[in-house]
1. Pick out, in residue order, every one of the GluC sites (Glu not before Pro) in the stretch 47-129 that is DSSP loop and has at most 16 other C-beta atoms within 10 Å; say none if there are none.
2. Compare 54, 42, 96 in a GNM of the chain, Cα atoms joined below 10 Å, and give the one with the largest fluctuation.
3. Please label the shape of the stretch 1-87 as rounded, prolate or oblate, based on the square roots a ≥ b ≥ c of the eigenvalues of the alpha-carbon gyration tensor (a/c under 1.5 means rounded; beyond that, a/b larger than b/c means prolate, else oblate).
4. Pull up all non-local amide H partners of residue 133: gap of 5 or more, or a different chain, and H-to-H distance under 5 Å with H placed in the peptide plane.
5. Given the rule -39500 (n - 2.57) for each run of at least 4 DSSP H residues, summed and divided by the residues of the chain, what is its mean residue ellipticity at 222 nm, to the nearest 500 deg cm²/dmol?
6. Label the chain by shape, choosing from rounded, prolate and oblate, from the square roots a ≥ b ≥ c of the eigenvalues of the Cα gyration tensor; if a/c is under 1.5 it is rounded, and otherwise prolate applies when a/b is larger than b/c, oblate when it is not.
7. DSSP beta bridges in the chain, what fraction antiparallel, as a percent rounded to 5?
8. Name the long-range amide H neighbours of residue 7: under 5 Å, sequence gap of 5 or more, or other chain; modelled H, no Pro or chain starts.
Amino acid sequence: MAEDARITTVEDVYEEGSVLFTATNSFDMDEEIIVVPCEDPGETEGAAANGDRGVAAWINRCTHEAQRFDTGRGVPMRDGEIICPKHGSFFDACSGDCDNGEAAGTTLPGIDVAVEDGAVFLADEDYTFEHEGGIEDDDGPSSTSHVGF
Ligand code: FES
């Protein structure tokens, strides 16, 4: 796996509960993506495992309205399900499926990841890894440059 596609480690996903990163999609737009524990990744397309510890990745946005799951404090989760902080729909962390509340009958758009030696890599050909954290967390060039003319 290319080192520049390395997102995090499986251990960090389990310790932190979730990991947020930013990637560029095929339209050259930034998207926030969450990586969450998935205890049973066997049947899940795009999920990956390190031994019996699986992870899955999803766009950081509810299917009902444009609500982020991780708003800067990690993804709210309970019993292997992602909880939408706005209206409380639950999504299976492995399949992305929702069968309850406002988002019932929808599935989160999945992102392919791979695990190698305990590290999690972005393995989705439609996305390029940019940086850890949300879109706003980019440490790149800013308007506070000290370069003088
Ligand atoms: S915005 Fe997520 S259930 Fe309504």
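1. 65, 125
2. 42
3. Working: a/c = 1.63, a/b = 1.10, b/c = 1.48.
Because a/c hits 1.5 or more and a/b fails to exceed b/c, the stretch 1-87 counts as oblate.
4. 20, 21, 22
5. -1000 deg cm²/dmol
6. Values: a/c = 1.93, a/b = 1.33, b/c = 1.45.
Taking the square roots of the gyration eigenvalues as a ≥ b ≥ c, the chain is oblate.
7. On the way: 34 of 34 bridges.
Counting only bridges with both partners in the chain, antiparallel ones make up about 100 percent.
8. Sorted by chain and number, the residues that satisfy this are 120, 121, 122.
Any read-out appearing in this document is the output of simple, stated calculations on the displayed coordinates, not a laboratory observation. This structure is a prediction, so every number in the text was calculated from the model and none was measured. Note that we place each Cβ from the backbone using ideal geometry, even for glycine, and neighbour counts take in every protein chain shown.
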